[in-house]
Amino acid sequence: MHCHTPNASVITRLICRKYRKRGLKVYYTAHGFHFYKGAPKKNWVIYYVIEWICSFFTDVLITINKEDFNLASKKMKAKHVEYVPGIGINLEKFQSSKNESSKKIKTNAPNQLFLSVGELNENKNHAIVIKALALIKNSNIHYAIAGEGDHYTLLKKLAEELNLDNRVHLLGFRDDINELMNASNVYIFPSYREGLSVSLMEAMASGLPCVISSIRGNTDLIDENGGVSFNPASVKECKDAIEKILVSDVETMGKYNKRKVKNFTTNVVLDEMKRIYGL
């Protein structure tokens, strides 16, 4: 039995206790613990305790980032704790060159286009980028966000209040993410919490330099050779990171990311899962 997501995995592991006595093996993939460095105390009081108890009923606990793996190895009681580099990414659809993109975003050249992909919610933290752009004198920076969510109105209003409504583009749901990546200059990912982001891996596969929040998962993927990081609670640090990437060797960064993401492909993950299922 292999379970995913916190709520479903708790229920499944509790139900499977008696069946484990008959030989059933229970696997659980944690796609990012709700307790992490900087998490609210209530997350540690509630989620950590629940996960710790349930780890006694877990044969193999699989983590997808190094911070979770290190914590689980020290604190959880599963028979085996394993690390797998995410859920895998298919690189083929992100291998086209930037010149092959057919659906570009309409902006006035010459511009630098920063792209984010993700739900419009508090955790994804898109507002900090808009606030940071308001502090940067460079008026050629455009910011596009692909995704839907309950923060649409908030972000639209914020852009208008900061006189950035002509440079902040809320694209809504898109099914052409690979083309948006190819039309962009920089990928920016300001989340407060992630497991191991697929969209960030897609940006790497597209050869983009990345500006990231310095949180677990993100720092597994992007180091100083492939981008710039910042504290997701600091508008100033976000501003500084954007300005730094503008004067960096972004072409070299993009090539580095394209090489590094090969360690996170679907084939790599499948090979690891075959090994783990053999435990």
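Based on the alpha-carbon gyration tensor of region 195-279 and its eigenvalue square roots a ≥ b ≥ c, which shape applies: rounded if a/c is under 1.5, prolate if not and a/b is larger than b/c, or oblate? Oblate is the answer for region 195-279, as a/c is 1.5 or above yet b/c matches or exceeds a/b. Estimated from helices alone, the mean residue ellipticity of the chain at 222 nm is -10000 deg cm²/dmol (sum of -39500 (n - 2.57) over DSSP H runs with n ≥ 4, per residue). Among the protein heavy atoms of the chain, carbon and sulfur supply 52% of the accessible surface, probe 1.4 Å, non-protein parts ignored. Between region 206-255 and region 143-189, how far is it from one alpha carbon centroid to the other, in angstrom? What the calculation gives is 18 Å, centre to centre.
In the chain the longest region clear of trypsin sites (Lys or Arg not before Pro) that are loop-assigned by DSSP and have at most 12 other C-beta atoms within 10 Å covers 138-279. To the nearest 10 degrees, how steep is helix 250-260 against the longest Cα principal axis of the chain, on a 0 to 90 scale? The angle comes out at about 20 degrees. DSSP finds beta bridges in the chain, and of those with both partners inside it, around 5 percent are antiparallel. Bridgeable aspartates and glutamates around residue 21 (alpha carbons under 14 Å apart, same-chain partners fewer than 8 residues away excluded): 59.
Heavy atoms of the protein chains alone define the surface here; on that basis the chain has 50 Å² accessible area per residue at 1.4 Å probe size.
Residue by residue, region 144-149 carries 3J(HN,Hα) couplings of 10, 10, 9, x, 10, x Hz when phi is fed to the Karplus relation 6.51 cos²θ - 1.76 cosθ + 1.60 (θ = phi - 60°); x denotes Gly or Pro.
The values are calculated or read from the model by the stated rules, or taken from the named source; none is laboratory data. Remember, it's a predicted structure, so these values are computed and weren't measured experimentally. Cβ atoms come from the backbone with ideal geometry, glycine included; neighbour counts cover every protein chain shown. Protein only, heavy atoms only, side chains kept; ligands, DNA and RNA dropped before computing areas. Shrake-Rupley method; radii C 1.70, N 1.55, O 1.52, S 1.80 Å.
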